[in-house]
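Have a look at the structure below before the remarks.
The values are calculated or read from the model by the stated rules, or taken from the named source; none is laboratory data. Everything quoted here is computed from the prediction, not taken from an experiment. In this analysis, Cβ positions are derived from the backbone assuming ideal geometry, glycine residues included, and neighbour counts consider all displayed protein chains. Note: areas computed on protein heavy atoms with side chains; ligands, DNA, RNA excluded. Shrake-Rupley method; radii C 1.70, N 1.55, O 1.52, S 1.80 Å.
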Amino acid sequence: MSKIALITGATSGIGAASSHLLAANGFDLILTGRRNKRLVELERELASKYKAKCLLLCFDVTKPEQVQSSLESLTENWKAIDVLINNAGLAVGMDTVDNGEIEDWERMIDTNVKGLLYVTRTVTPWMKQRKSGHIINISSLAGKEAYPMGGVYCGTKHAVQAISHAMRIELLPFSIKVGTVAPGMVDTEFSHVRFKGDVARAKSVYNGLIPLSPADVAETILFLITRPAHVNIDDVLIMPTAQGSARDVFRIQ
Ligand code: NDP
Ligand code: 8X3
């Protein structure tokens, strides 16, 4: 029988790449995001390339009622989720704490922290009942270190690390694995969102270096979720070769 994986933020970047790789490896997929058109296109592509079985749920992770009612609409078969990938997330704006936009902070905290919690709160009881499951939370290099102008984003990803660690301990009696994947720079729509559609600024982030691709991160996720039952990889920091820390990047001029 195929395993079932639920991926939040499947419409772009790391989530879309993970959807492709998991479909290619025989997973049935619950794909979620706010952009329904993209979900529909993704489902069509995965069906034609890999004959994948997909179920689409279009919801906003920041809205607890939407999260709960969408997930509760799943049939019992689909509720038997083996792998939950909490990937939906974003950075909005770059500024010092005294100048930051409150609306930007709220979007980051609501999506990266509260959204992850809402989804996890609904799915985890189903895993506990079956005494089986694996939760992968997508953190960031920003969950390992802080950098100026990114304080709130870094705070949300530090929260993801802390929440994941606590969940890992809470879920020990249920044989549920919890792991974090913390990437450095990945070339996705991330910078486009962070810089609010400023294409030139978003592109400049990756000037003169080769960033991680979303597929690089997806391969790491696949490795984690295909270890034997007695092995849990708690935490992975994955970086482009050209990046040594949030602020140490080697660029070819
Ligand atoms: P993308 O912008 O390409 O993808 C983000 C995904 O999150 C989209 O599918 C988007 O879907 C979804 N999303 C955002 N807000 C919401 C919401 N309110 N409700 C539901 N879904 C939402 O970026 P990445 O692939 O790079 O980001 C994925 C994760 O990786 C994030 O958690 C990010 O913080 C993390 N990360 C990214 C790094 C990078 O350099 N790119 C590095 C380290 C970590 P939709 O808009 O359709 O809702
Ligand atoms: C994204 C990586 O270094 O821009 O999570 O914060 S970084």
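Considering (1) surrounded by 22 or more Cβ atoms within 10 Å (Cβ to Cβ); (2) away from ligand 2 (no atom under 16 Å from the Cβ), the lone condition that SER132 does not fulfil carries the number (1). Screening GLU101 on (1) within 19 Å of SER191 (Cβ to Cβ); (2) away from ligand 1 (no atom under 15 Å from the Cβ); (3) surrounded by 23 or more Cβ atoms within 10 Å (Cβ to Cβ) shows it passes everything except condition (3).
With respect to (1) under 14 Å from LEU71 (Cβ atoms); (2) open to solvent by less than 40 Å² (accessible area, probe 1.4 Å), the lone exception for PRO125 is condition (2). For segment 115-125, the count of residues that are of a type in the set (Lys, Arg), touching a residue at least 24 places away in the same chain (Cβ under 8 Å) and either more than 14 Å from ligand 1 (Cβ to nearest atom) or not in a strand (DSSP E or B) (or both) is zero.
Would you mind stating whether GLU189 is in contact with a helix residue (DSSP H, G or I) (Cβ under 9 Å, 6 or more places away or on another chain), open to solvent by 70 Å² or more (accessible area, probe 1.4 Å) and in contact (Cβ under 8 Å) with a residue 24 or more places away in the chain?
Details: in contact with a helix residue (DSSP H, G or I) (Cβ under 9 Å, 6 or more places away or on another chain): yes; open to solvent by 70 Å² or more (accessible area, probe 1.4 Å): no; in contact (Cβ under 8 Å) with a residue 24 or more places away in the chain: yes.
In short, no.
ALA159 satisfies every condition listed in (1) closer than 29 Å to ASP98 by Cβ; (2) crowded, with 19+ Cβ neighbours inside 10 Å except (2). Evaluation of PHE223 against the conditions (1) touching a residue at least 24 places away in the same chain (Cβ under 8 Å); (2) open to solvent by 40 Å² or more (accessible area, probe 1.4 Å); (3) closer than 14 Å to HIS134 by Cα shows that the sole unmet condition is (1). Kindly provide the set of residues from segment 108-122 that are surrounded by fewer than 20 Cβ atoms within 10 Å (Cβ to Cβ) and not β-branched (Val, Ile, Thr), ordered by number. Within segment 108-122, ASP110, LYS114, LEU117, ARG121 meet the criteria.
Within segment 225-232, does at least one residue satisfy the condition of being out of contact with any Cys (no Cβ under 8 Å at 6 or more places or on another chain), within 12 Å of ligand 1 (Cβ to nearest atom) and not in a helix (DSSP H, G or I)? Please lay out each step first, then the result.
So the first thing to find is which residues in segment 225-232 are out of contact with any Cys (no Cβ under 8 Å at 6 or more places or on another chain), and the list is 225-232.
Applying the additional criterion that residues be within 12 Å of ligand 1 (Cβ to nearest atom) yields none.
No, because not a single residue in segment 225-232 is out of contact with any Cys (no Cβ under 8 Å at 6 or more places or on another chain), within 12 Å of ligand 1 (Cβ to nearest atom) and not in a helix (DSSP H, G or I).
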